[in-house]
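The values are calculated or read from the model by the stated rules, or taken from the named source; none is laboratory data. Note that this is a predicted model, so its numbers are computed, not measured. Cβ placement follows ideal geometry from the backbone for every residue including glycine, while neighbour counts extend to all protein chains displayed. These area figures cover heavy atoms from the full protein model, side chains too; ligands, DNA and RNA do not enter into them. Shrake-Rupley method; radii C 1.70, N 1.55, O 1.52, S 1.80 Å.
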Amino acid sequence: MTGGTCARAVAAALLLAVVPGAEAAAPDAASASNALARELLAQLIAINTTDTPRGNVTTAAEAMAERLRAAGFAAEDIQVLGPSERKKNLVVRLRGAASHKPVLLIGHLDVVEARREDWSTDPFQLVEKDGDFYGRGTLDMKGPDAIMLAALIRLKHEGWRPARDIILALTADEEGGGANGVEWLLEHHRPLVDAQFVLSGDDYSVLTENGRPLFFELVASEKVYADFQLRVTNKGGHSSEPVPDNAIYTLTRGLDRLAAHEFPFELNAVTREYYRRLSQIESPERAAVMRGILRDPPDQEALARLSQDAVDRSITRTTCVATRLEAGQANNALPQRAEAVVNCRILPGHAPEEVRQRLLQVLSDPAITVSYLASDGTLLDEAPAKGGFAPPPLLPEVLAPLDQLVAETWPGLKVIPAMSAGASDATHTSAAGLPTYTFSPLTIDPNDDREHGRDERIGVASYYQANEFFYRYLKRVTSR
């Protein structure tokens with residue numbers, strides 16, 4: 001079905017839902033919206049948006065722009081723009097009463113690479129199998145992109161006039177590539193995306209265990225992403241005459257010291273509230289550990305037990321880990337060079353340059369240089385000296401409708417503010433002074449989180465439930 005045909009079909013169903021006395025048509029409206037969300041997801045999955053010669057984000061942006069034009073959005077409210085032909089971003093605006101500054105929705109169109117031989121299905125084709133949707137980007141994050149688009153189209157067809165403009169920006173290079181769309185839009189077209197607050201769909205929210213929802217996670221803070229290159233060089237020589245001064249040995253000894261190092265434990269306002277709320281719903285044993293680390297000073301036994309968990313450790317400490325290694329120039333030659341990339345996720349309030357200095361201390365060898373590796377691949381002698389942004393306040397206009405809708409959808413489930421150990425485009429909006437909150441109402445067991453991995457998938461029922469949830473939330477958060 002073409003974009004125009006689908007838009008007309010959805011319009012027919014959705015317009016019934018706003019006719020007085022036509023309440024019975026609401027299920028048809030939801031079904032039509034789910035059908036649209038599935039079509040959008042299938043179309044997005046089929047477009048390769050990896051940062052490779054085969055990938056093209058502009059193709060996806062143009063395809064979604066065509067969908068929006070077919071749905072009745074005015075040409076002047078749809079922009080496709082960017083720094084290069086392959087890295088253009090889509091920005092669309094649903095105009096409202098302008099009683100308040102707009103809300104900005106953000107999602108990225110790019111995905112990480114996926115090889116067909118590694119997957120049980122074609123990663124660039126949406127496959128429905130055994131109750132799941134498979135495809136690269138189903139979770140990160142073409143699924144949430146399609147949900148935001150479907151909600152916007154549904155509101156347009158209903159004739160909904162929100163109290164504030166709703167802006168949706170679907171962008172390039174969140175996963176890497178040097179042409180980050182959110183950063184570029186903020187720098188070059190700030191009025192196009194300026195807003196009172198930002199909602200990002202770049203993290204699933206309904207965490208489950210054995211099929212039982214545990215809590216609804218609202219990400220209100222993020223760690224700072226930083227890459228560093230470690231390098232050792234020497235004169236080399238013939239491998240038949242080895243010497244102690246070997247670049248590989250020098251580097252690996254430093255990496256061993258880094259592997260044994262642990263950054264200090266630290267809580268901020270968001271992570272403290274995260275553990276406080278979690279302690280009210282966790283098992284007695286784990287709740288006691290959480291209460292222990294919330295003490296001032298933290299209970300050391302509780303801290304040791306908490307630090308055994310990789311997730312808890314990443315939430316409460318800066319982490320640095322070696323992710324790439326390259327050395328040598330020939331099998332029969334002593335290496336003249338050995339290099340490693342160390343990826344760090346830095347707690348808010350601490351600067352990359354501060355961490356670079358700590359790495360130099362931990363490596364404890366002047367033969368190992370540490371350079372900052374910028375997102376465009378440039379190596380710098382010093383890293384940015386500015387610390388991460390402070391967590392934003394939990395705005396009532398954002399949190400109150402979320403609390404209400406979560407309670408209606410999953411009775412008894414609590415909304416838990418959290419800090420992400422990863423990094424997303426929220427880093428750029430938050431740094432620009434736009435309070436940013438990240439959630440996607442998808443139901444996921446963290447043990448089956450396949451984003452960036454083989455056979456990425458989301459549950460079909462979860463996807464449709466999230467589609468309806470986000471539409472209802474967006475309507476409530478822009479109703480006054």
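Under the condition of being closer than 17 Å to Leu360 by Cβ and open to solvent by less than 50 Å² (accessible area, probe 1.4 Å), the residues counted in region 253-271 number 4. In region 228-255, the residues that are over 23 Å from Val321 (Cβ atoms) never reach a residue that is part of a loop (DSSP other than H, G, I, E, B) and of a type in the set (Lys, Arg) with C-beta atoms less than 8 angstrom apart, at least six apart or across chains. Looking across region 345-390, the residues that are in contact with a Lys or Arg (Cβ under 8 Å, 6 or more places away or on another chain) and of a type in the set (A, V, I, L, M) come down to Ile346, Leu347, Ala351, Val362, Leu363, Ile368, Val370, Ala383.
Filtering region 115-126 down to residues that are in contact with a helix residue (DSSP H, G or I) (Cβ under 9 Å, 6 or more places away or on another chain) and open to solvent by 20 Å² or more (accessible area, probe 1.4 Å), which residue is farthest from Ser440 (Cα to Cα)? Filtering region 115-126 for residues that are in contact with a helix residue (DSSP H, G or I) (Cβ under 9 Å, 6 or more places away or on another chain) and open to solvent by 20 Å² or more (accessible area, probe 1.4 Å), the one farthest from Ser440 (Cα to Cα) comes out as Asp122.
Looking only at residues in region 128-150 that are of a type outside the set (A, V, I, L, M, F, W, C) and either at positive phi or assigned to a helix (DSSP H, G or I) (or both), the one that is most open to solvent (accessible area, probe 1.4 Å) is Asp130.
Which residues, taken from region 151-204, are assigned to a strand (DSSP E or B), closer than 15 Å to Leu105 by Cβ and in contact with a Leu (Cβ under 8 Å, 6 or more places away or on another chain)? Let's see the steps before the verdict.
Initial filter on region 151-204 (assigned to a strand (DSSP E or B)): 166-171, 197-204.
Add one more test, that the residue is closer than 15 Å to Leu105 by Cβ, and what stays is 166-171, 197-203.
Those that are assigned to a strand (DSSP E or B), closer than 15 Å to Leu105 by Cβ and in contact with a Leu (Cβ under 8 Å, 6 or more places away or on another chain): Ile166, Ile167, Leu168, Ala169, Leu170, Thr171, Phe197, Val198, Leu199, Ser200, Gly201.
For region 204-227, the candidate set comprises residues that are open to solvent by 50 Å² or more (accessible area, probe 1.4 Å) and in contact with a strand residue (DSSP E or B) (Cβ under 8 Å, 6 or more places away or on another chain); within that set, the residue that is farthest from Leu325 (Cα to Cα) is Leu214.
Condition (residue is open to solvent by 60 Å² or more (accessible area, probe 1.4 Å) and without any contact (Cβ under 8 Å) to a residue 24 or more places away in the chain) applied to region 333-345: is it met by at least one residue? So far as region 333-345 goes, no, none of its residues is open to solvent by 60 Å² or more (accessible area, probe 1.4 Å) and without any contact (Cβ under 8 Å) to a residue 24 or more places away in the chain. Of the set (1) open to solvent by 30 Å² or more (accessible area, probe 1.4 Å); (2) at pLDDT below 95, all apply to Arg190 but (2). When the residues of region 93-114 are filtered to those that are within 15 Å of the chain's Cα centre (by Cα) and not in a loop (DSSP other than H, G, I, E, B), the one that is surrounded by the most Cβ atoms within 10 Å (Cβ to Cβ) is Ile106. If you go through region 313-329 and keep only what is open to solvent by less than 50 Å² (accessible area, probe 1.4 Å), part of a loop (DSSP other than H, G, I, E, B) and either of a type in the set (A, V, I, L, M) or more than 15 Å from Glu262 (Cβ to Cβ) (or both), you end up with just Gly328.
Among all residues of region 394-404, there is none that is at pLDDT 95 or above, of a type outside the set (Phe, Trp, Tyr), over 26 Å from Arg272 (Cα atoms) and over 21 Å from the mean Cα position of the chain (by Cα). Looking across region 364-377 at every residue that is hydroxyl-bearing (Ser, Thr, Tyr) and out of contact with any strand residue (DSSP E or B) (no Cβ under 6 Å at 6 or more places or on another chain), the one that is surrounded by the most Cβ atoms within 10 Å (Cβ to Cβ) is identified as Ser375.
For region 208-253, which residues satisfy the criterion of being part of a helix (DSSP H, G or I) and either under 30 Å from Gly412 (Cβ atoms) or not charged (D, E, K, R) (or both)?
Going through region 208-253, the residues part of a helix (DSSP H, G or I) turn out to be 247-253.
Across region 208-253, the qualifying residues are Ala247, Ile248, Tyr249, Thr250, Leu251, Thr252.
Would you confirm whether any residue within region 272-290 is modelled with pLDDT of 95 or more and open to solvent by 90 Å² or more (accessible area, probe 1.4 Å)? Yes - at least one qualifying residue is present in region 272-290.
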